[in-house]
1. Starting from residues that are of a type outside the set (Lys, Arg) and surrounded by fewer than 17 Cβ atoms within 10 Å (Cβ to Cβ), keep the ones in the range 177-189 and report whichever is nearest to ligand 1 (Cβ to nearest atom).
2. Regarding the range 15-36, can at least one residue be identified that is touching a residue at least 40 places away in the same chain (Cβ under 8 Å), touching a Ser or Thr at 6+ places or on another chain (Cβ under 9 Å) and among the small types (Gly, Ala, Ser)?
3. Would you check if there is a residue in the range 213-227 being part of a loop (DSSP other than H, G, I, E, B), in contact with a Lys or Arg (Cβ under 9 Å, 6 or more places away or on another chain) and within 16 Å of ligand 1 (Cβ to nearest atom)?
4. Could you grab the pairs with beta carbons closer than 6 Å, sequence gap of 6+ or different chains, first residue in the range 215-242 and in contact (Cβ under 8 Å) with a residue 40 or more places away in the chain, second one away from ligand 2 (no atom under 16 Å from the Cβ) and part of a strand (DSSP E or B)?
5. From Gly107, Gly133, grab the single residue that is exposed (fewer than 14 other Cβ atoms within 10 Å of the Cβ) and in contact (Cβ under 8 Å) with a residue 24 or more places away in the chain.
Amino acid sequence: MEKELFLGLPRYLKDVTEQVALGGGEPTLYPELVEQFAQQCSDYDLICNLTTNGYFIKDWQDEKVERFSENLTMTSVSLDKSKYKQWRDRNEFLDTCKKLQKHTLVGCNLLTDQSFFHNGNLVNVVDLLFREGFDRVFSLYPKNVQGPDILDKKHYVQFLTMKYPNFYVDDITFKILDEGKYENWSKPCHYGKDIVSINEKGQVSGCSFSDDYRLTLKEPRDIIKVNDVHFEGRYSCPYLRR
Ligand SMILES: C[S@@+](CC[C@H](N)C(=O)[O-])C[C@H]1O[C@@H](n2cnc3c(N)ncnc32)[C@H](O)[C@@H]1O
Ligand code: SF4
């Protein structure tokens, strides 16, 4: 995103929301930009969270991690089968997260696949993460690719939800399990309701998977117009592939 548009946003985002999540792309490719953005968020009383693959942070000195995290409320490090392969071993991943834990709340985003729902694997992984001091674990259902069968695995998610107040699932997992079916839910998801997504071109949609752009930001203050955009409720996810 154009630097001026990006860094100008927090001032106006405060009239739209209380929280901003920086995704990507990979935000650790531009640490100075993240620091400046998070500073702006702090100046305007916005919570700023971030998601990263964590690979660069592994090699950062403590001062750099501290500077990077200073105004971030939570940094979530992603973990799934393909990401796990990039780490030398489990300890390299955990040690990197520990570096962050000195300076910010740390979450883990788990992109689930079928293997998580075999033999209690999801429970084992989440147990390990909370034992290692993670503040939040967020379980995501894969969009746009084949997802796992989870209808008969609801008890895993219920167990973890009861055991850990800071274990969360995304909208789509919740809808599937709550309504007992993969499609045609009776209640809408959060598309455009509690969340909107802004991409690198300043295009605004109802969730980060949608390219149905309802607004394009030319300058930061344009984001306020999102309050007047009507998003249709979604009763089944178009990004679900089964
Ligand atoms: C796209 S990444 C971008 C931020 C950063 N580069 C990272 O790797 O965490 C943001 C989150 O989306 C998740 N993600 C990636 N592919 C996905 C998919 N097909 N469906 C749902 N979530 C996905 C990742 O696991 C990650 O937690
Ligand atoms: S439409 Fe978007 S917000 Fe709704 S369930 Fe699908 S990915 Fe999530």
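The values are calculated or read from the model by the stated rules, or taken from the named source; none is laboratory data. Computed from a prediction, not measured in an experiment: that's the story for all the values here. Please note: Cβ atoms are built from the backbone with ideal geometry, for glycine as well, and neighbour counts cover all protein chains shown.
1. Looking only at the range 177-189, we keep the residues that are of a type outside the set (Lys, Arg), and these are 177-180, 182-186, 188-189.
Next, from what is left, pick out any that are surrounded by fewer than 17 Cβ atoms within 10 Å (Cβ to Cβ): 178-180, 183-184, 186, 188.
Values: Asp178: 19, Glu179: 19, Gly180: 22, Glu183: 17, Asn184: 21, Ser186: 23, Pro188: 19 Å.
The qualifying residue nearest to ligand 1 (Cβ to nearest atom) is Glu183.
2. Yes, some residue in the range 15-36 is touching a residue at least 40 places away in the same chain (Cβ under 8 Å), touching a Ser or Thr at 6+ places or on another chain (Cβ under 9 Å) and among the small types (Gly, Ala, Ser).
3. First, pick out the residues of the range 213-227 that are part of a loop (DSSP other than H, G, I, E, B): 213-214, 217-219.
With the extra rule that they be in contact with a Lys or Arg (Cβ under 9 Å, 6 or more places away or on another chain), the set shrinks to 213, 217.
So of that shortlist, the ones also within 16 Å of ligand 1 (Cβ to nearest atom) come out as none.
Within the range 213-227 (the criterion being part of a loop (DSSP other than H, G, I, E, B), in contact with a Lys or Arg (Cβ under 9 Å, 6 or more places away or on another chain) and within 16 Å of ligand 1 (Cβ to nearest atom)), the answer is no, since none of the residues qualifies.
4. Short answer, once both residue conditions are applied: Val226/Leu215.
5. Values: Gly107 fails: exposed (fewer than 14 other Cβ atoms within 10 Å of the Cβ).
The match here is Gly133.
Residue-wise test of (1) touching a Gly at 6+ places or on another chain (Cβ under 6 Å); (2) under 18 Å from Asp170 (Cα atoms); (3) at pLDDT 95 or above; (4) surrounded by fewer than 19 Cβ atoms within 10 Å (Cβ to Cβ).
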position: Gln203; (1), (2), (3), (4): no, no, yes, yes
position: Cys207; (1), (2), (3), (4): no, yes, yes, no
position: Tyr213; (1), (2), (3), (4): no, no, yes, yes
position: Thr216; (1), (2), (3), (4): yes, no, yes, yes
position: Glu219; (1), (2), (3), (4): no, no, yes, yes
position: Ile223; (1), (2), (3), (4): no, no, yes, no
position: Val229; (1), (2), (3), (4): no, no, yes, yes
position: Gly233; (1), (2), (3), (4): no, yes, yes, yes
position: Pro238; (1), (2), (3), (4): no, yes, yes, yes
